[in-house]
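> Below: one structure in structure tokens.
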Number of protein chains: 2
Amino acid sequence: MADAALRRGLTRAVLGVFSISMGIRQATANDLSSMWDIFRSIISAGDALPFSEQFTRETFQSHWFGSHTAYVAVIGADVLGMYKLGANYPDSGNHVASATYLVRPVAQGSGVGTALVQHSLAQARKEGFMAMQFNYVVSSNRAAVELYKRFGFFIAGTLPKAFRHKQLGHVDAYVMYRFLESET
Amino acid sequence: MADAALRRGLTRAVLGVFSISMGIRQATANDLSSMWDIFRSIISAGDALPFSEQFTRETFQSHWFGSHTAYVAVIGADVLGMYKLGANYPDSGNHVASATYLVRPVAQGSGVGTALVQHSLAQARKEGFMAMQFNYVVSSNRAAVELYKRFGFFIAGTLPKAFRHKQLGHVDAYVMYRFLESET
């Protein structure tokens, strides 16, 4: 679905209070093109991920289909967002999960991120992780910070000026953390 | 030099207040065996690094001779310790360095770690890094935490129970950070 058509679809859904049936499932090689498009649109904004536009599709593929497992949020075959989940460290650190969430820019603000985080927490519990950690949350990315806080993450650390924001220059990054024993 | 001989040498040095002439230089392929021995002795202790004894020499080599640059502290051709230095994140995060330091157990407490940290800070400044970050300092590793504090690092974050210590069970890990503009 083209972004414009998708935007019209979402607007219609809001106006008519349709309930869109969005699924979240493990990503396959067939999703790679859509996922790469989303990834590129996020990195070109330069406000959430450190990677530059020189980042290659091969490296992307190795990050998202390597030691971490990738999931996609789909309406039919249309990918609206995605996350990857895996251990943050090997061996003596492998009881702490980490995850990265990306929502297609045109679909942001419609609950896709919320669904992804919720799904990832359930998945992490299912896999037996004790806690989840985000290593590098850009502090100016308020939507993400607030989303994570809503799901029980706290700011475990502030990395001063650790991210060079495309518009804002050096901004802080947060390390965010939560235990998984309790449901949210 | 065998560990016993080394220990005798260090003891003699302390007794006689010899000044040992230790150099720090970039590591080469010739140092790999010594470095791997040090690495294995540290991971078998299970109190400082997350890696298990299943960690392979190939992965070690890729970590230490990949995107990071490795340095060794040597007396003659004998490797007493080592560190690696590189950007903690790519692109928009590549102004923050990260480093890992390992000192051969038998040589610990003799100033090798101090020399490595000092060298790495000078090297990081020379390479134009704005700050340095340690992502995962085991909180019970008091010698390391105190060493880093002495060099101006502060605890930017505490990751509760993020490390499974071989003796102590779950212990906190610290994220430590410092800017590099000032000399220490």
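The values are calculated or read from the model by the stated rules, or taken from the named source; none is laboratory data. The structure presented is a predicted model; accordingly, all values stated were derived computationally and were not measured. Glycine also receives a Cβ, built like all others from the backbone with ideal geometry; neighbour counts cover every protein chain displayed. For the accessible areas, the whole protein counts, side chains as well, though only heavy atoms, and no ligand, DNA or RNA atoms are used. Shrake-Rupley method; radii C 1.70, N 1.55, O 1.52, S 1.80 Å.
> In vacuum, with every alpha carbon of chain B counted as one equal point scatterer, what does the Debye formula give for log10 I(q)/I(0) at q = 0.11 Å⁻¹? Two decimals, please.
Summing over Cα pairs of chain B leads to -0.49.
> What does the C-alpha gyration tensor say about the overall shape of the range A:97-184? Classify as rounded when a/c is under 1.5, otherwise prolate if a/b is larger than b/c, or oblate. Spell out each step's value before the answer.
Values: a/c = 2.39, a/b = 1.37, b/c = 1.75.
Here the range A:97-184 falls in the oblate category.
> Report the FRET efficiency, 1/(1 + (r/R0)^6), for A:Ala143 and B:Ser140, where r is their Cβ-Cβ distance and R0 is 30 Å, rounded to 0.05. All intermediate terms of the calculation are to be shown ahead of the outcome.
Details: r = 37 Å, r/R0 = 1.23.
Result of the calculation: an efficiency of 0.20.
> Roughly how crowded by other chains is peptide A:145-156, in terms of the mean Cβ count from those chains within 10 Å of each of its Cβ atoms?
Numbers: counts 0, 0, 0, 0, 0, 0, 0, 0, 0, 1, 1, 10.
Mean shielding by partner chains, rounded to a whole number: 1.
> Probe of 1.4 angstrom, ligands and nucleic acids ignored: what's the accessible area per residue over chain A, in square angstrom?
On the way: 8580 Å² over 184 residues.
It amounts to 47 Å² per residue over chain A.
> Among the listed pairs A:Lys161/B:Lys161; A:Lys84/B:Lys161; B:Lys84/B:Lys126; A:Lys149/B:Lys149; A:Lys166/B:Lys84; A:Lys161/B:Lys84, which are separated by more than 21 Å between their Cα atoms? The partial results should precede the final answer.
Details: A:Lys161/B:Lys161 26 Å; A:Lys84/B:Lys161 23 Å; B:Lys84/B:Lys126 15 Å; A:Lys149/B:Lys149 30 Å; A:Lys166/B:Lys84 29 Å; A:Lys161/B:Lys84 23 Å.
Too far apart for the 21 Å limit: A:Lys161/B:Lys161; A:Lys84/B:Lys161; A:Lys149/B:Lys149; A:Lys166/B:Lys84; A:Lys161/B:Lys84.
> With a Förster radius of 35 Å, plug the Cβ-Cβ distance of B:Ser44 and A:Glu58 into 1/(1 + (r/R0)^6) and report the FRET value to the nearest 0.05. Working shown, then result.
Numbers: r = 35 Å, r/R0 = 1.01.
Between B:Ser44 and A:Glu58 the formula returns 0.50.
> Sticking with this structure for a sec: In µm²/s, what is D for the protein assembly as shown at 20 °C and 1.002 mPa s, where D = kT/(6 pi eta Rh) by Stokes-Einstein and Rh is the Kirkwood radius from Cα pairs?
Working: Rh = 22.4 Å.
Translational D for this selection: 96 µm²/s.
> Treating the beta-carbon of each Lys and Arg as +1 and of each Asp and Glu as -1, no other charges, what is the dipole magnitude of the protein assembly as shown about its Cα centre, to the nearest 20 debye?
On the way: 34 positive and 26 negative charges, 87 e Å.
In debye, rounded to 20, the protein assembly as shown gives about 420.
> So how much accessible area does A:His68 have, in Å² to the nearest 10, using a 1.4 Å probe?
30 Å²
> For B:157-169, what's the mean count of beta carbons from other chains sitting within 10 Å of each residue's beta carbon?
Working: counts 11, 4, 11, 9, 6, 11, 5, 8, 1, 1, 0, 0, 0.
The mean count of partner-chain Cβ atoms within 10 Å per residue comes to 5.
> In debye, nearest 20, what is the charge dipole magnitude of the range B:49-184 about its Cα centre with +1 on Lys and Arg Cβ and -1 on Asp and Glu Cβ, if you could check? Each step should come with its number before you reach the end.
Values: 12 positive and 9 negative charges, 62 e Å.
The dipole of the range B:49-184 has a size of about 300 debye.
> Moving to a separate point now. If you take the accessible area of B alone plus A alone and subtract the pair, what total do you get in square angstrom, rounded to 100, with a 1.4 Å probe? Spell out each step's value before the answer.
Values: alone 9770 and 9810 Å², together 17130 Å².
That pair of chains buries around 2500 Å² in total.
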